[in-house]
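Any read-out appearing in this document is the output of simple, stated calculations on the displayed coordinates, not a laboratory observation. Just so we're clear, the structure is a prediction, and the values are computed from it rather than from any experiment. Here the Cβ positions follow ideal geometry from the backbone for every residue, glycine too, while neighbour counts run over all protein chains shown.
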Amino acid sequence: MGSLLTVNDTFGEYPPSYYAATADLLEPLPSVQEHLSCDVCVIGGGYTGLSTALHLAQRGVDTILVEAHRVGWGASGRNGGQVGSGQRRSQTELENKLGHEHARQLWDMAQAANRLTRDLIARHDIRCDLKPGVIHADHRPRFVPATHRYVDKLRSQYGYEQIQPLSREDIRQHLQTEYYHGGSIDWGAAHLHPLNYALGLARAARAAGVRIFERSPVLGYTSDASCRVRLAAGDVRAAFVVVACNGYLQGLRTGRGNRTMPINNFIIATEPLSESLARQLIREDVAVADSKFVINYYRLSADRRLLFGGGESYSYKFPRDIKTFVRPHMLAVYPQLADLNIDYGWGGTLAITMTRLPYLDRLANNVLIAGGYSGQGVAMATLAGQILADAVTGSARRMDIMQRIPSHPFPGGRWLRWPMLVLAMTYYSLRDRL
């Protein structure tokens with residue numbers, strides 16, 4: 001079992017994805033080659049780390065960020081690009097498990113994450129093709145009544161009026177497919193080019209004074225009064241360390257058990273579509289996420305390609321042919337695309353938690369961690385960075401709210417937790433087909 005940092009990818013290079021091919025890339029940044037010092041060292045150059053570093057630097061905190069590969073290299077530069085509303089769990093589930101007050105706080109924080117993402121894009125002129133709208137599509141008729149009740153709940157109890165129910169006829173007006181039976185459309189949600197968003201955060205962080213180092217894998221860290229972050233050719237001394245590695249946490253001991261689990265996910269990009277075909281497939285140019293446990297998610301790119309994510313792998317290694325692996329999922333929804341060329345296929349590693357809610361924690365008085373966004377990380381990871389910056393600079397209110405979410409290690413210990421996850425996920429993927 002190799003390291004997830006290297007087993008599927010070339011060191012220091014972005015994967016051959018549509019996003020990397022169309023990104024406004026930064027010039028490569030230096031690696032750590034000496035002994036450095038700062039107030040806060042952030043480990044990880046994805047949304048969490050970049051947002052943490054940006055918000056700290058804006059408050060005058062001397063911050064260094066170290067990234068094993070390139071900024072935005074991990075899930076932050078490979079994902080479906082959806083900026084959702086609410087948490088990964090429904091408000092009904094959260095109310096039942098956590099109580100109404102805590103559930104409402106988590107809703108408000110998720111909506112703050114959405115606003116923060118949009119605000120950063122506008123304030124820093126991040127060109128990432130931000131567009132409104134996400135459809136939730138039910139692939140079983142029996143799911144539709146519950147979806148419509150949930151829309152009513154959000155509108156009546158949470159005052160969220162940007163979401164609307166979709167009947168079978170409605171959804172077929174939006175999506176030219178027989179696959180779905182209804183759902184909802186959320187005009188307060190959005191979608192974007194995820195790698196360009198990450199690169200925009202990196203530019204903003206550097207402009208604020210953050211020192212960013214790429215191709216600098218961390219070998220370990222200490223949590224003494226003066227933390228030491230060890231790298232191959234140097235180290236960083238800091239008063240605080242922020243661990244922002246999400247699915248690529250392997251090898252960094254956290255002392256809190258395995259609160260997150262990495263899983264792999266895959267996306268393909270078709271050849272560019274005609275304007276008429278693109279509008280037939282997704283009339284309003286919104287993103288789509290369906291009701292399957294192993295979720296299908298898709299949208300149109302700025303140049304009218306269908307970007308389609310489907311299928312998950314519970315092996316460390318990606319499938320040998322990702323295009324062939326994902327293509328059947330796309331054709332199940334849109335069989336009329338059988339003759340289209342697939343120009344790109346790529347994989348990435350995200351992290352899930354037992355609760356499917358974000359994991360924020362204090363590993364020591366001066367070591368903070370965030371991750372486990374479970375597929376809802378574009379906005380929530382951005383907000384997590386701001387929350388971590390708050391906690392470092394003395395405001396722990398929102399950190400305390402997130403820490404009140406129950407977090408449990410995955411069962412099975414070091415050797416059995418992965419096989420147990422495979423067993424559980426295989427069960428749910430089989431249930432999708434019934």
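Compare the Cα positions of P141, G348, L25 along the charge dipole of the chain (+1 at Cβ of Lys, Arg; -1 at Cβ of Asp, Glu; about the Cα centre) and return the one farthest towards the positive end.
After comparing all options, I get P141.
Modelling each spin label as a point 7 Å along the Cα-to-Cβ direction, I'd like the R142/L331 distance in nm, to one decimal.
So the label points at R142 and L331 sit 2.9 nm apart.
First measure r as the distance between the Cβ atoms of A239 and R283, then evaluate 1/(1 + (r/R0)^6) with R0 = 51 Å and state the FRET efficiency to the nearest 0.05.
Efficiency, from the Cβ-Cβ distance: 0.45.
Mind giving me the FRET efficiency for S3 and R230? R0 is 22 Å, r the Cβ-Cβ distance, nearest 0.05 is fine.
0.85
Identify all aspartates and glutamates with a Cα-Cα distance to K317 below 12 Å; exclude those on the same chain that are fewer than 8 residues away in sequence.
Hits, sequence-local ones excluded: D9.
Please report Rg (one decimal) and Dmax (integer) in Å for the Cα set of the chain.
Final numbers for Rg and Dmax: 20.8, 63 Å.
For the range 170-234, take every pair of Cα atoms, bin their distances at 10 Å starting from 0, and report each bin as a whole percent.
Reading upward from the zero bin: 14, 21, 24, 14, 17, 10, 0.
Percent relative contact order of the range 284-390, based on C-alpha pairs within less than 8 angstrom and at least six residues apart?
Taking the mean separation of contacting Cα pairs over the length of the range 284-390, I get 13 percent.
Cα convex hull of the range 237-370: how many Å³ per residue?
Taking the convex hull of the Cα positions in the range 237-370, it is 156 Å³ per residue.
Consider a paramagnetic label point 7 Å from the Cα of D125 along Cα→Cβ; state which residues of the range 1-26 have an amide N under 18 Å from it.
24-26
Between S167 and T10, what is the label-to-label distance in nm when each label sits 7 Å out along the Cα-to-Cβ direction?
5.4 nm
Please give every one of the lysines within straight-line cross-link reach of K131, meaning a C-alpha to C-alpha distance under 29 Å, and leave out same-chain neighbours fewer than 8 residues apart.
K131 reaches K153, K292, K323.
Among the trypsin sites (Lys or Arg not before Pro) in the range 102-139, which ones are in a DSSP loop with at most 16 other Cβ atoms within 10 Å of the Cβ? Mind listing them?
Of the trypsin sites (Lys or Arg not before Pro), the ones in loops of the range 102-139 whose Cβ has at most 16 other Cβ atoms within 10 Å are R127.
Once whole DSSP H runs in the chain are found, which of them have Cα atoms spread over 24 Å or more along the helix axis and a mean Kyte-Doolittle score of at least -1.0?
TM-like helix candidates: 100-123, 413-432.
Could you check how many percent of all C-alpha pairs in the range 121-274 are farther apart than 25 Å?
59 percent
Dipole of the chain (Lys/Arg Cβ +1, Asp/Glu Cβ -1, origin at the Cα centre): which of L249, L175, H329 lies farthest to the positive side?
L249
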